[in-house]
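Worksheet for the structure shown next.
The values are calculated or read from the model by the stated rules, or taken from the named source; none is laboratory data. These figures come from a predicted structure and were not determined experimentally. Reconstructed Cβ throughout: ideal geometry from the backbone, glycine too, with neighbour counts over all protein chains shown.
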Amino acid sequence: MMKALMEIKDIEKLATLARIRITDEEKATFLTEIESILKYVGEIQKASTGASHAEVGPVYNVLREDSGANTPGQYTEKILAEAPSTEENCIKVKKIL
């Protein structure tokens, strides 16, 4: 017979650390759920993918070079023309605060 991964006292300690109250029924439920989760994690840890971290491909910069910067003020008039209200070359908005 396999040794249990957790016991009720472990569930009670976790509940105390989490500062939650749980009933005896919830303790039993959590015990079975947590044990199944821990068993599943154990199976995953045993599984071997066969991949090595050394098999990473070449690393290179995928960002493009900056080019064709806009001229300051190039679109200001068009943007202000679309705004419902403007004041001194700025878009006027409702006061929020």
Quick one: count up the residues across segment 9-40 that are of a type in the set (Phe, Trp, Tyr) and surrounded by 14 or more Cβ atoms within 10 Å (Cβ to Cβ). 1
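Name the residues in segment 1-28 that are of a type in the set (Lys, Arg) and modelled with pLDDT of 90 or more, would you?
Step one: list which residues in segment 1-28 are of a type in the set (Lys, Arg), which gives 3, 9, 13, 19, 21, 27.
Lys9, Lys13, Arg19, Arg21, Lys27 - these are the residues of segment 1-28 that are of a type in the set (Lys, Arg) and modelled with pLDDT of 90 or more.
Does segment 84-92 contain at least one residue that is hydrophobic (A, V, I, L, M, F, W, C), part of a loop (DSSP other than H, G, I, E, B) and surrounded by 10 or more Cβ atoms within 10 Å (Cβ to Cβ)? Reasoning before the result, please.
Kept after step one, since they are hydrophobic (A, V, I, L, M, F, W, C), are these residues of segment 84-92: 90-91.
Filter once more, so that each one left must be part of a loop (DSSP other than H, G, I, E, B): none.
Within segment 84-92, none of the residues are hydrophobic (A, V, I, L, M, F, W, C), part of a loop (DSSP other than H, G, I, E, B) and surrounded by 10 or more Cβ atoms within 10 Å (Cβ to Cβ).
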